Every structure is written in C-alpha cells, then in structure tokens.
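The values are calculated or read from the model by the stated rules, or taken from the named source; none is laboratory data. Here the structure is a predicted model, which is why all the values come from computation and not from measurement. In this analysis, Cβ positions are derived from the backbone assuming ideal geometry, glycine residues included, and neighbour counts consider all displayed protein chains. Calculation scope for accessible area: heavy atoms of the full protein, side chains included, ligands and nucleic acids excluded. Shrake-Rupley method; radii C 1.70, N 1.55, O 1.52, S 1.80 Å.
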Amino acid sequence: MLEEYDPNGFKKGEPGAKMDSGKVPVLRGCIHYFPRAIREIARLSEIGARKYSWQGWASVPDGINRYGDAMARHELQIEMDYTKIDPDTGVLEAVAVSWNSLARLELILRQQEQKCQAPKGAPE
C-alpha cells in the first residue's frame, strides 16, 4: 500500500491537508486532456446501450479479441479520411476505433487484476 502524503507538506489532520500525492490525476490527466474525445466516446456508449444494454459490452464472450477485430474493422473504414461517419451510429469512425480500443483495454486490465487476485495455485 502506498503511503499517502500531502504534496504541500501538510500533516495528516492539519487544516488544508489532502493526502493525494502520487494518486492518478483522472480529471486533469484524462478528462481535461481529452474532453472532446471522451464526450464522443460517452455518446457512442449511450448509442450502444440503447441498441444492446448498459454495460452489456463487458460480458461479450471473447471480448478482447472481438473488440480488437471491431476496432480494426472501423480503422479500415477510415481509409485515411478521418471525417468518415459510421453509418450504423452516426459518429466518426475514429470514435468507434477508440471506443473498441477502450473496451478491449478495460477487459485486458480486468483480466490482469483477476490473475493478480487469484489465490496461488488456483487454475487460471
């Protein structure tokens, strides 16, 4: 476990202390970096949820490979024209590439976490 400390030197319990040094800057390092991209990915998530179900993507069998294939199919549709729109969803093909990439990465990371949490000697 990481030892938490205040980046400004405040002691725990002291007024103004915030023990967040070394923690991931999700807002500044992701949302503020890529607000347009995240908004479009969220929009595509909502479109997909209407078509299928909320969070149903996470239980697709062999999702890592299937989302990788979907990502590649959307990338092929771009053909160096980054303004191409996916006719099924109405979003840029590049958004679909990114969404599938994130879905695939999320499944990979979840799989890694499960392996790390598995008791020693347990089958993988």
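Residues in region 69-93 that are over 19 Å from ALA49 (Cα atoms) and touching a Lys or Arg at 6+ places or on another chain (Cβ under 8 Å): how many?
2
Report yes if THR83 is out of contact with any strand residue (DSSP E or B) (no Cβ under 8 Å at 6 or more places or on another chain) and either modelled with pLDDT of 95 or more or closer than 20 Å to ALA42 by Cα (or both), otherwise no. Spell out the reasoning first.
Working: out of contact with any strand residue (DSSP E or B) (no Cβ under 8 Å at 6 or more places or on another chain): no; either modelled with pLDDT of 95 or more or closer than 20 Å to ALA42 by Cα (or both): yes.
Criteria not met by THR83.
Restricting to region 11-64, what's the tally of residues that are of a type outside the set (A, V, I, L, M, F, W, C) and open to solvent by 100 Å² or more (accessible area, probe 1.4 Å)?
The first filter runs over region 11-64 and keeps only residues of a type outside the set (A, V, I, L, M, F, W, C), leaving 11-16, 18, 20-23, 25, 28-29, 32-33, 35-36, 39-40, 43, 45-46, 48, 50-53, 55-56, 59, 61-63.
Keeping just the survivors that are open to solvent by 100 Å² or more (accessible area, probe 1.4 Å) gives 11-12, 15, 18, 23, 28, 32-33, 36, 39, 43, 50-52, 55.
Total meeting the criteria: 15.
Restricting attention to region 90-124, which residues are under 24 Å from ARG36 (Cβ atoms), out of contact with any Leu (no Cβ under 6 Å at 6 or more places or on another chain) and β-branched (Val, Ile, Thr)?
VAL97
Going residue by residue through region 17-36, is there one that turns out to be more than 30 Å from GLU3 (Cβ to Cβ), touching a helix residue (DSSP H, G or I) at 6+ places or on another chain (Cβ under 7 Å) and among the hydrophobic types (A, V, I, L, M, F, W, C)?
no
Here's the yes/no breakdown for (1) within 27 Å of GLN111 (Cβ to Cβ); (2) within 16 Å of the chain's Cα centre (by Cα); (3) without any contact (Cβ under 8 Å) to a residue 12 or more places away in the chain:
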{"residue": "GLU14", "(1), (2), (3)": "no, no, yes"}
{"residue": "ASP20", "(1), (2), (3)": "no, no, no"}
{"residue": "PRO25", "(1), (2), (3)": "yes, yes, yes"}
{"residue": "ALA42", "(1), (2), (3)": "yes, yes, yes"}
{"residue": "ILE47", "(1), (2), (3)": "yes, no, no"}
{"residue": "SER53", "(1), (2), (3)": "yes, no, yes"}
{"residue": "ASP69", "(1), (2), (3)": "yes, no, yes"}
{"residue": "ASP81", "(1), (2), (3)": "no, no, yes"}
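So GLN117 clears everything in (1) open to solvent by 40 Å² or more (accessible area, probe 1.4 Å); (2) within 28 Å of ARG28 (Cα to Cα) except one condition, right? Which one?
(2)
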